[in-house]
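Reading through the structure tokens given below for one structure.
The values are calculated or read from the model by the stated rules, or taken from the named source; none is laboratory data. Computed from a predicted model, the values in this text were never measured in an experiment. All Cβ positions, even for glycine, are placed from backbone atoms using ideal geometry, and neighbour counts span all protein chains on display. The area values use the complete protein model at the heavy-atom level, side chains included, leaving out ligands, DNA and RNA. Shrake-Rupley method; radii C 1.70, N 1.55, O 1.52, S 1.80 Å.
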Amino acid sequence: MRGVPLHQSSTMKISWFVIRSNSLRLSFRIDRRVPLVLLLLLIMTLIVMVISVGYGEYPIPHLDVVKTVLGLQSSNSDYVFVIHTLRLPRVIIAFMVGTALAIAGTLLQGLTRNPLAAPEIVGVEAGAGLAAVALIVLFPSIPILFLPIAAFAGAAIAALLVYGLAWEQGSAPIRLILVGVGVGAIASAFTTLMITFGNIYDVSQALVWLAGSVYGRNWEHVQALLPWLVVFIPASLLLARELNTLNLGDQVARSLGSSVEWQRALLLITCVALSGASVATAGTIGFVGLMAPHLARQLVGNAHEGLIPTAALVGGLIVALADLLGRSLFAPIEIPCGVITAVVGAPYFLYLLYRNRNT
Amino acid sequence: MKTDTSTESALTTRKLSLAYADTTIIEALDLAIPAGRITALVGPNGCGKSTLLKGLARLVKPKAGVVYLDSASIFKLSTKEVAKRLGMLPQGPVAPEGLTVRELVAQGRYPHQGWLQQWSQEDERFTEQALAITSVAELADRPLDSLSGGQRQRAWIAMTLAQNTDVLLLDEPTTFLDLAHQIEVLDLLYELNQTQNRTIVMVLHDLNQACRYADYLVAMRQGCIYAQGIPTKVMTEAMVREVFGLESRIVADPVAGTPMCVPIGRKSREARLHQG
């Protein structure tokens, strides 16, 4: 074997950050940019959250927000009530939903090898929305905990439909998008039907929720969403390596010893669970699952070990920021954060569509 | 060395039949790939040579028959176990946008990794080695889509090398490359075979290159093997006529001395007639 130049090992340490223990037989590798990017995103998210919690008809100074949340200042009971009961759960929900949608988008783009794929574009969100509205309108007395399960089922059916109709030997990107948009439109039509014929009180409930908003969300919603994230975010991180392999194409992945069908099924379940749970919590917040992975890829590159957490934080930041903007831009009128993300996201989607027009 | 036929087989097929949906491509094929040698599969378009290669790499499930790796059935081993011993480079693979050469080559270590052992010293060593052997080390941090076709192909070969398998299958590793890059890739494969004793099986379109680089030649026609053996025995005017439907003369390659096929074709036949 030929000798290896010495400088080789030093350049490798520049692009990758390696954690390795020989005695524990552990080793991990991420892109060198990841730790700093994650730290910066976390700081930005926290700043947005503090501003968001402080902002409102009853403004609270930022320092007091931090103190109250950390429990350092419990003397002002108004602060405690406004923050803990009204504003904090809402801000946390915005972040959690953004995180889940961004991861779902990253997984979907990776597993379809399609830069245009995202749960809101290929009809997964619309499917989840239909199932959730059906539950609200048809069974109004059912507890909130069941909403994510219905949404999961709706998302899964939509995903399987799109997958089955569009998948043909790898499937061209545009084909998947077209079928997805079609399935999404059908689901939306049924949702409208449900709203037209439903009981007026239940319908108004469903409408607030459908707009893609975190308005009025409380700790109960956090509780309903949390288990889904606790299970499926770690699952997505465990599947990161598989996505890297699948990204090289089925044949290469198979030659490398990946059980392609099995991995793809696991990835699809994870993606559907995360988007279903977030739709069940905050309605259809569009384009986050599309934008966040692209922005994250610009920041840390293609390797999914670093890409998934980065996209998650980007998504969380986007929705938290969109909610803050929605509340402040035309105050006291509140714009749902889903409208804000759509205003920014739709042109971005058109740009991506234009860039991918030849494939 | 090329006359020694009593070697062991790295890969063997027994009554192997391969099919896509209802179309049978390969029918009851018996083949033994000699270990530590270079084997070339040649044949006209659609004769099933690519399908056979995929069958050998368990990428196509057989309709009937078995593929043995050393002496174990490839379908009884776990797919990861196979991937530690057998690498395969499909034709015209595509990498995601922006993927760097080093990231690609590191992917070759996948079968040797687990959840806790994601980047061992061994992984790093084999990746560096593969980058160096294929002379893409200087390009390691460049995105794959910014490279020339030859460089890109070398990077993909480097990925399969990082996999560190005894057996290497390559489907038309020289397509879309200009002549200089074709020779460069074939020289690289020859060197790997010579210095590391790797078994190499490749589908090649160019008969003369196949004769030059392969120890063992398999000529296929309509899903069956027409002839197999050392190139001097397989490469005959009759074989070219019956397998490719082409009249030709077989002469000695002026450089390597291996058989060289000079096609006749209608134009040269007419020209010869005119000359008298």
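Residues of segment A:259-310 being of a type in the set (Val, Ile, Thr), under 21 Å from A:Phe349 (Cα atoms) and open to solvent by 10 Å² or more (accessible area, probe 1.4 Å), which ones? Hit for segment A:259-310 is A:Thr284, nothing else. Exactly one residue among A:Val124, A:Val137, A:Val133 is β-branched (Val, Ile, Thr) and surrounded by fewer than 24 Cβ atoms within 10 Å (Cβ to Cβ), and that residue is A:Val137.
Is segment B:57-64 home to any residue that is surrounded by fewer than 23 Cβ atoms within 10 Å (Cβ to Cβ), out of contact with any helix residue (DSSP H, G or I) (no Cβ under 6 Å at 6 or more places or on another chain) and assigned to a strand (DSSP E or B)? Yes, the conditions are met somewhere in segment B:57-64. Within segment B:248-276, residues that are touching a residue at least 40 places away in the same chain (Cβ under 8 Å) and within 15 Å of B:Ala210 (Cβ to Cβ) have Cβ atoms under 8 Å from residues that are part of a strand (DSSP E or B) and open to solvent by less than 60 Å² (accessible area, probe 1.4 Å) in these pairs: B:Asp253/B:Pro259; B:Asp253/B:Met260; B:Pro259/B:Ile250; B:Pro259/B:Val251; B:Met260/B:Ile250; B:Met260/B:Val251; B:Cys261/B:Ser248; B:Cys261/B:Ile250, counting only partners at least 6 apart in sequence or on another chain.
When each of A:Gly216, A:Gly182, A:Gly164 is tested for being surrounded by fewer than 22 Cβ atoms within 10 Å (Cβ to Cβ) and modelled with pLDDT of 90 or more, the lone residue that passes is A:Gly182. Among the residues that make up segment B:111-130, is at least one of them touching a residue at least 40 places away in the same chain (Cβ under 8 Å), closer than 25 Å to A:Arg25 by Cα, at the interface with chain A (Cβ under 10 Å from one of its Cβ atoms) and not small (Gly, Ala, Ser)? Yes, segment B:111-130 has at least one match.
Output yes when any residue across segment B:144-156 is at the interface with chain A (Cβ under 10 Å from one of its Cβ atoms), among the charged types (D, E, K, R) and farther than 27 Å from B:Leu41 by Cβ, and no when none is. For segment B:144-156, residues at the interface with chain A (Cβ under 10 Å from one of its Cβ atoms), among the charged types (D, E, K, R) and farther than 27 Å from B:Leu41 by Cβ: absent. For A:Leu256, only one of the following conditions fails: (1) open to solvent by 20 Å² or more (accessible area, probe 1.4 Å); (2) farther than 27 Å from A:Phe287 by Cβ. What is its number? That leaves (1) as the condition not met. Pairing each residue of segment A:79-95 that is more than 13 Å from A:Ile60 (Cα to Cα) with any residue that is part of a helix (DSSP H, G or I) and modelled with pLDDT under 85, provided the two are 6+ apart or on different chains, yields no C-beta distance under 8 Å. Contact map, segment A:300-320: first residue on the phi < 0 side of the Ramachandran plot and within 14 Å of another protein chain (Cβ to nearest Cβ), second residue among the basic types (Lys, Arg) and outside any helix (DSSP H, G or I), Cβ cut-off under 8 Å, separation 6 or more or different chains; pairs are A:Val300/A:Arg33; A:Glu305/A:Arg29; A:Gly306/A:Arg33.
Those residues that are surrounded by 21 or more Cβ atoms within 10 Å (Cβ to Cβ) and out of contact with any Ser or Thr (no Cβ under 8 Å at 6 or more places or on another chain), I need them from segment B:19-37; list them, please. Answer for segment B:19-37, where residues must be surrounded by 21 or more Cβ atoms within 10 Å (Cβ to Cβ) and out of contact with any Ser or Thr (no Cβ under 8 Å at 6 or more places or on another chain): there is none. Residue count for segment A:241-255 satisfying the condition of being within 7 Å of chain B (Cβ to nearest Cβ) and over 14 Å from B:Glu103 (Cα atoms): 5. In segment B:50-60, is there at least one residue being touching a Lys or Arg at 6+ places or on another chain (Cβ under 9 Å), more than 14 Å from chain A (Cβ to nearest Cβ) and touching a residue at least 12 places away in the same chain (Cβ under 8 Å)? No, there is no match, as no residue in segment B:50-60 is touching a Lys or Arg at 6+ places or on another chain (Cβ under 9 Å), more than 14 Å from chain A (Cβ to nearest Cβ) and touching a residue at least 12 places away in the same chain (Cβ under 8 Å).
For segment B:38-56, taking the residues that are touching a helix residue (DSSP H, G or I) at 6+ places or on another chain (Cβ under 7 Å) and within 13 Å of B:Ile225 (Cα to Cα), the one that is surrounded by the fewest Cβ atoms within 10 Å (Cβ to Cβ) is identified as B:Pro44.
Count of segment B:82-104 residues, restricted to those that are surrounded by fewer than 18 Cβ atoms within 10 Å (Cβ to Cβ) and without any contact (Cβ under 8 Å) to a residue 24 or more places away in the chain, is 1. Would you say B:Val67 is without any contact (Cβ under 8 Å) to a residue 60 or more places away in the chain, assigned to a helix (DSSP H, G or I) and in contact with a Leu (Cβ under 8 Å, 6 or more places away or on another chain)? Considered against the rule, which asks whether it is without any contact (Cβ under 8 Å) to a residue 60 or more places away in the chain, assigned to a helix (DSSP H, G or I) and in contact with a Leu (Cβ under 8 Å, 6 or more places away or on another chain), B:Val67 comes out as no.
Quick check on my filter: what residues within segment B:131-143 are of a type in the set (A, V, I, L, M), in contact (Cβ under 8 Å) with a residue 24 or more places away in the chain and either at the interface with chain A (Cβ under 8 Å from one of its Cβ atoms) or not in a loop (DSSP other than H, G, I, E, B) (or both)? Across segment B:131-143, the qualifying residues are B:Leu131, B:Ile133, B:Leu139, B:Ala140. Scanning segment A:122-141 for residues that are among the β-branched types (Val, Ile, Thr) and farther than 24 Å from A:Gly164 by Cβ yields a count of 2. Residues of segment B:79-107 that are closer than 15 Å to B:Asp166 by Cβ, at the interface with chain A (Cβ under 7 Å from one of its Cβ atoms) and touching a helix residue (DSSP H, G or I) at 6+ places or on another chain (Cβ under 8 Å): B:Ala83, B:Gly87, B:Met88.
Under the condition of being of a type in the set (Val, Ile, Thr) and open to solvent by less than 10 Å² (accessible area, probe 1.4 Å), the residues counted in segment B:202-234 number 3.
Scanning segment A:135-148 for residues that are more than 30 Å from A:Ile174 (Cα to Cα) and part of a helix (DSSP H, G or I) returns A:Leu135, A:Ile136, A:Val137, A:Leu138, A:Ile144, A:Leu145, A:Phe146, A:Leu147. Would you confirm whether any residue within segment B:174-188 is small (Gly, Ala, Ser), under 30 Å from B:Pro93 (Cα atoms) and modelled with pLDDT under 95? Checked against the condition, which is being small (Gly, Ala, Ser), under 30 Å from B:Pro93 (Cα atoms) and modelled with pLDDT under 95, segment B:174-188 yields at least one hit. Against the test of being more than 14 Å from every other protein chain (Cβ to nearest Cβ), out of contact with any helix residue (DSSP H, G or I) (no Cβ under 8 Å at 6 or more places or on another chain) and not in a loop (DSSP other than H, G, I, E, B), the options A:Ala206, A:Ala224, A:Ala185, A:Ala189 yield a single qualifying residue, A:Ala189.
Given the structure, is A:Leu226 of a type outside the set (Asp, Glu), open to solvent by 40 Å² or more (accessible area, probe 1.4 Å) and within 29 Å of A:Arg327 (Cβ to Cβ)? The answer is yes for A:Leu226. Being within 25 Å of the chain's Cα centre (by Cα), touching a residue at least 12 places away in the same chain (Cβ under 8 Å) and over 24 Å from A:Ile333 (Cβ atoms) is true of A:Ala117. Residues of segment A:120-135 that are among the β-branched types (Val, Ile, Thr) and within 15 Å of the chain's Cα centre (by Cα): A:Ile121, A:Val122, A:Val124.
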